[in-house]
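Trainee: Starting off with a structure, shown below.
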Amino acid sequence: MKNCVFCKIVSGEITSEFVYEDDRVVAFYDRAPLTPIHILIIPRLHIPTFNDLQIEHKELAGHLLLVSQEIARQNYLQDKGYRLVMNCGRDAGQEVNHLHFHLLGGQPLGELVR
Ligand code: AMP
């Protein structure tokens, strides 16, 4: 999708170091981390918001969740705990209209949300 910053990261137009990638999903560090570990996990496919998920995305949605779990494990967060956040729309403060999870961890999170 033209003008989508995350599509540009997926295509390589914007350089980013992937901490995970496969044929459907990529993950990279948030440029403005809120916690010691703050990773964004996104589908390669441009899906603007959670509202736009359709039944044909069912496998992709499940894959995103399992990849998020795996990235948490790779970062040794599974025992300490972490938060997986997805903002949807204006009131949630969604800035980038390309579906993504925030994986937040590495410190007690308390009331912190993103
Ligand atoms: P959200 O408010 O849920 O849409 O979150 C979007 C996140 O994307 C924010 O935490 C931004 O810091 C992050 N972000 C925006 N542009 C980039 C980029 N080029 N590389 C890494 N993270 C980005």
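Read-outs throughout are calculated quantities, based only on the coordinates presented, and are distinct from any laboratory measurement. Note that the structure is predicted; figures quoted are calculated from it, not measured. No Cβ is skipped: glycine too gets one built from the backbone with ideal geometry, and neighbour counts run over all protein chains shown.
Trainee: Can you tell me the FRET efficiency between residue 21 and residue 79 if r is taken as the Cβ-Cβ distance and R0 is 25 Å, rounded to the nearest 0.05?
Mentor: Result of the calculation: an efficiency of 0.50.
Trainee: In debye, nearest 20: dipole of the chain around its Cα centre with unit charges on the Cβ of K, R (+) and D, E (-)?
Mentor: 160
Trainee: Another question, if that's okay. Residue 80: which aspartates and glutamates have alpha carbons under 15 Å from its alpha carbon, excluding same-chain residues fewer than 8 sequence positions away?
Mentor: Cross-link targets: 70.
Trainee: Report the chymotrypsin sites (Phe, Trp or Tyr not before Pro) located in segment 1-109 that are in a DSSP loop and have at most 16 other Cβ atoms inside 10 Å of their Cβ, or state none.
Mentor: Sites meeting the loop and neighbour criteria: 76.
Trainee: What is the helix-to-structure angle for 58-74, meaning the angle in degrees between its Cα long axis and the longest Cα principal axis of the chain, kept from 0 to 90 and rounded to the nearest 10?
Mentor: Result, in degrees: 30.
Trainee: Name the residue from 63, 86, 41 whose Cα lies farthest towards the positive end of the charge dipole of segment 5-105, charges +1 on Cβ of Lys and Arg and -1 on Cβ of Asp and Glu.
Mentor: Going by the Cα projections, it comes out as 86.
Trainee: Right, something else. When the Cα centres of segment 16-52 and segment 56-114 are compared, how far apart do they sit, in Å?
Mentor: Rounded to whole Å, the Cα centres lie 9 Å apart.
Trainee: Order of 56, 111 from fewest to most other C-beta atoms within 10 Å?
Mentor: Fewest-to-most Cβ neighbours within 10 Å comes out as 111, 56.
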